[in-house]
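Student: This is the structure, below, for whatever I ask next.
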Amino acid sequence: MGDLLINLLASIIAGTAVWLAQFAIRRRRLNRERAFFGLTAGATSLLVASRHASSPREHSIHRGDVAALVELATIVRECGARADLVGGGQPVRELGRVAEFCVGGPGANPRAATHLRAVLRGVTYTVSEWPTHGDDAKLAFAVGGHEYVRTPETEYAVLARFWGPTGGRPALYLGGLTAGGNLATARYLANHHRELFRRFGADRPFCLVLRIQEPAAYGTDFTEIVADVTDVAFTPQE
């Protein structure tokens, strides 16, 4: 009987130790995730959406962008924060007041256009308005003297984190050349933010170019970093 009690007590102690260790790991991961995105429990964040280029309705959103916003809202909820959805042309709080996720390029999202003019001054998009038939037009952006052009086999997107002049909470910019590129960027961010935290920490700005291979066949599955352009993205191109 004594041996049974000892074994039972040992099992309880071991199980408690394992639970505490797992809890500590989960808590550390959550704290890092919150730090990376600038989120805190109960805080408000902004999801800034692009308008649907081919829709006559001002507040219509492409289904690919809706899926991207769902990915980002899930991140916010995991961090115990709240996400408020606004259109890119709607008035929002100044940069740094709350954490911000800005989705889409400058042609479809005026807020993105402002970020590019004021902060990401080394990134320029070829088109100012998304055409109704994207396959008939050149869709591209340039940064660091290199142009990234959409083809049927490859798409590109910009993923950046930055702060305003007074600091505060960060803004994350997810600027694909299409709604599919925006979705790929959101999913990459959701799946790889731990790696990005290890690389950039919680307080360093960054700007990355993502490449999405064979999107027609594989969707967002083959998304990877093709260039780190942090050193040139925040200064105007000559």
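Student: Could you run the Karplus curve 6.51 cos²θ - 1.76 cosθ + 1.60 with θ = phi - 60° over region 181-196 and give me ³J(HN,Hα) per residue in whole Hz, x for Gly and Pro?
Tutor: With coefficients 6.51, -1.76 and 1.60, one gets x, 4, 5, 4, 5, 5, 5, 4, 4, 5, 8, 10, 5, 5, 5, 5 Hz.
Student: Give, as ranges by residue number, the residues of region 183-202 whose backbone N falls under 12 Å from the point 7 Å along Cα→Cβ of ALA35.
Tutor: In region 183-202, the label zone of ALA35 (backbone N under 12 Å from the point 7 Å along Cα→Cβ) covers 197-202.
Student: A further question follows. Quick one: which residues, 5 or more positions from GLY105 or on another chain, have an amide H under 5 Å from its amide H? H modelled 1.01 Å from N in the peptide plane, none for Pro or chain starts.
Tutor: Those qualifying (amide H under 5 Å, at least 5 residues apart or on another chain) are GLY176.
Student: Moving on. Report the net charge of residues surrounding GLU214, where surrounding means a beta-carbon distance below 10 angstrom and charges are Lys +1, Arg +1, Asp -1, Glu -1.
Tutor: -3
Student: Could you give me the ³J(HN,Hα) list for region 223-236, computed from phi with Karplus coefficients 6.51, -1.76, 1.60 and θ = phi - 60°, whole Hz, x at Gly and Pro?
Tutor: Karplus values, whole Hz, x for Gly and Pro: 10, 8, 6, 9, 7, 9, 10, 4, 6, 10, 6, 9, 10, x.
Student: Something else: Would you kindly state how much longer the chain becomes between THR235 and THR166 on full extension, computed as 0.36 nm times their sequence separation minus their alpha carbon distance, in nm to one decimal?
Tutor: Between THR235 and THR166, full extension yields an extra 23.0 nm.
Student: Something else about it: Return the long-range amide H neighbours of ALA83 (sequence gap of 5 or more, or a different chain), with a cut-off of under 5 Å between placed amide H atoms.
Tutor: Distant-sequence amide H within range of ALA83: SER45.
Student: Next question. Rounded, prolate or oblate: pick one for region 113-227, where a ≥ b ≥ c are the square roots of the eigenvalues of its C-alpha gyration tensor, a/c under 1.5 means rounded, and failing that, prolate if a/b is larger than b/c, else oblate.
Tutor: Because a/c hits 1.5 or more and a/b fails to exceed b/c, region 113-227 counts as oblate.
Student: Work out, step by step, the length gained on full extension between GLU224 and LYS138: first 0.36 nm times the residue separation, then minus their alpha carbon distance; give nm to one decimal.
Tutor: Difference between extended and current length: 28.8 nm.
Just so you know, all these numbers are worked out from the coordinates, no wet-lab data involved. For clarity, every value in this text was computed on a predicted model and none was experimentally measured. Every residue, glycine as well, gets a Cβ built from its backbone with ideal geometry; the counts of neighbours run over all protein chains shown.
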